[in-house]
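Here, each number is a calculation from the coordinates, and none is a lab measurement. Remember, predicted model here, so these are calculated numbers, not experimental data. Here Cβ is always computed from backbone atoms with ideal geometry, including for glycine, and neighbour counts include all displayed protein chains.
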Amino acid sequence: SQQGEEDPQALSIQEGENATMNCSYKTSINNLQWYRQNSGRGLVHLILIRSNEREKHSGRLRVTLDTSKKSSSLLITASRAADTASYFCATVRTGNQFYFGTGTSLTVIP
Amino acid sequence: ETGVTQSPTHLIKTRGQQVTLRCSSQSGHNTVSWYQQALGQGPQFIFQYYREEENGRGNFPPRFSGLQFPNYSSELNVNALELDDSALYLCASSEGTAPHEQYFGPGTRLTVT
């Protein structure tokens, strides 16, 4: 079974708006990572946040992590049509084994 | 684009057959992980190889097996194919076994009829 679950399953916004997606998980983690996938292709790493970090930024991306609630959020600011993709969170425990959530499908309308 | 390549891109097999999928890791990476991604789902961890040894396995039956070669490329073998094995198979390479980011290949789309 999946370790994490993303919410919402699908999100549709206008270009220029912000997109927020959430990830909940069940067990303790070493870090949490967000990946992007275009149309059933390979995943692309976006950002990594360690269990002792609360917030991290990378360009238009902002990730938060609340280990007490076992949840994370990914914010994409000023979205573009090219941001249309599926976004997955992956929780990483020991041994570099990744457990992916079910994904959020983001559509950005031009 | 990562430096991870997978072959073949697409494959159609019949139930009961065997299949071998291949992955070349990114230069400098000695760890390869394999994932199965069913349509509309997230990737599920199959197993990981580090320096030619299996280094962890997910909840997959023994008919899923793998190899890693001295050049760190890897194979995923699936015996006695079932219809539910139809999926996108992804490999990812990384450096060592520390929990860093992984670099994914484009995947192999397997269809079992």
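Structural remarks
- Taking the DSSP bridge list for chain A and keeping only pairs wholly inside it, about 90 percent are antiparallel.
- In the distance distribution for chain A, Cα-Cα pairs more than 16 Å apart total 54 percent.
- All lysines inside 25 Å of residue A:26 as judged from Cα atoms, apart from same-chain residues fewer than 8 positions distant: A:56, A:69, A:70
- Computed log₁₀ I(q)/I(0) - Debye formula, equal Cα scatterers, no solvent, the protein assembly as shown, q 0.09 Å⁻¹: -0.35
- Count Lys and Arg as plus one, Asp and Glu as minus one, and take only other residues whose Cβ is under 12 Å from that of residue A:72; the net charge is then 0.
- Among A:98, A:86, A:75 - extreme Cα towards positive end, dipole of chain A, charges at beta-carbon: A:98
- The dipole here belongs to the protein assembly as shown: it is taken about the Cα centre, uses +1 on the Cβ of Lys and Arg and -1 on the Cβ of Asp and Glu, and is about 80 debye.
- 14 Å tail of the calculated P(r), the range A:1-47, as % of Cα pairs: 66
- Bridge orientation summary for chain B: considering DSSP beta bridges with both residues in this region, about 90 percent are antiparallel.
- Share of Cα-Cα pairs in the range A:55-109 lying beyond 19 Å, as whole percent: 38
- Ranking B:29, B:69, B:110 by how far each Cα lies toward the positive end of the dipole of chain B (charges on Cβ) leaves B:110 at the top.
- Considering every alpha-carbon pair of the range B:1-41, the percent of pairs per 5 Å bin, from zero through the bin containing the longest distance, is 5, 14, 23, 25, 19, 9, 5, 1.
- For chain B: rounded, prolate or oblate by the Cα gyration tensor [a/c cutoff 1.5]: prolate
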